[in-house]
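Following: one structure in structure tokens, then a few remarks.
The values are calculated or read from the model by the stated rules, or taken from the named source; none is laboratory data. Here the structure is a predicted model, which is why all the values come from computation and not from measurement. Cβ placement follows ideal geometry from the backbone for every residue including glycine, while neighbour counts extend to all protein chains displayed. Just so you know, the surface numbers come from the protein's heavy atoms only, side chains and all, with ligands and any DNA or RNA stripped out. Shrake-Rupley method; radii C 1.70, N 1.55, O 1.52, S 1.80 Å.
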Amino acid sequence: MKSLPALPRLHAVTDERIARRPDLGTVAQQLATGGGGQLALHARGRALSGLEHFELASRLGACAPTRLFVNDRLDIALAVGAAGVQLGQGSFAPADARGLNPGWWIGKSVHDLREAAAAHAGGADYLLVGPVFPTATHPDRAPLGAARLKEIAGLGLPIIAIGGVTSERIPELMAMAAVHGVAAIRALWHAADPADAARRMLEELNG
């Protein structure tokens, strides 16, 4: 397994609305200012066309010194030189992604211990686990809770927790289980001060 320090601790994930915002580049640069090399920008948007997804990834990839991760679209990840890929449950297997680029960080999105164990067995480098708290993004999904999150963390892969995560909730999250980092959509992209939001989340993660 790759050494943990190379995996960013903070992940800013986009959706279709964020991808199409006129201020996308400005906000991404602000997040980069606050997060630096510990921040990964995720080019994600299930309803985006291939060209839109490529343009999104290209714009996010220009925000040094952050790392670029691309969700599901391995062709786009290859084209833009992404540092990692994030695979959903209906996406490629980690082994397939590794065959395309052994240097990628390969993450798998999971929602329970069964999915997490399958991702671990399939060769994922880390797990994006959620929702850990109630979230407006997926109001129909119940939060995992401390016991189930701890079971998933017990598999031994780095955990990136997602779902209702804010800087104020990170101490509670860290008390629930040994997570490597967190991912967020609204708490970062919709923050009044994106640079400060990223900085404060990393401060809480780094203790």
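Laid out as a table, the results:
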{"read-out": "C-alpha center-to-center spacing [the stretch 20-37, the stretch 157-184] in angstrom", "value": "21"}
{"read-out": "If the convex hull is drawn through the Cα atoms of the stretch 141-207, its volume per residue in Å³", "value": "86"}
{"read-out": "Hydrodynamic radius of the chain per Kirkwood, over alpha carbon pairs, in Å", "value": "16.7"}
{"read-out": "Label point 7 Å beyond Cα of Ala64 along Cβ direction - residues of the stretch 34-48 with amide nitrogen under 13 Å", "value": "37"}
{"read-out": "Cβ-based charge dipole, the stretch 154-205, positive-most Cα from Ala183, Thr166, Pro194", "value": "Ala183"}
{"read-out": "Tensor-based shape of the stretch 1-102 (alpha-carbon gyration tensor, a/c under 1.5 rounded, otherwise prolate or oblate)", "value": "oblate"}
{"read-out": "Within the chain, helix-based [θ] at 222 nm, where runs of 4 or more DSSP H residues each add -39,500 (n - 2.57), nearest 500", "value": "-11000 deg cm²/dmol"}
{"read-out": "Gln29 versus Leu100: modelled label distance in nm, points set 7 Å from Cα along the beta carbon direction", "value": "3.0"}
{"read-out": "Rg/Rh for the stretch 65-130, where both radii come from Cα atoms and Rh is the Kirkwood radius", "value": "0.96"}
{"read-out": "Estimated distance in nm for a label pair at Ala142 and Ala121, the labels positioned 7 Å out from Cα along Cα-to-Cβ", "value": "2.5"}
{"read-out": "At R0 = 25 Å, FRET efficiency that the Cβ-Cβ distance of Ala178 and Ala79 yields, to 0.05", "value": "0.10"}
{"read-out": "Carbon/sulfur fraction of accessible area - the chain, other protein chains in place, 1.4 Å, %", "value": "54"}
{"read-out": "Spin-label model distance (nm) - Arg21 vs Leu113, 7 Å beyond Cα toward Cβ", "value": "3.8"}
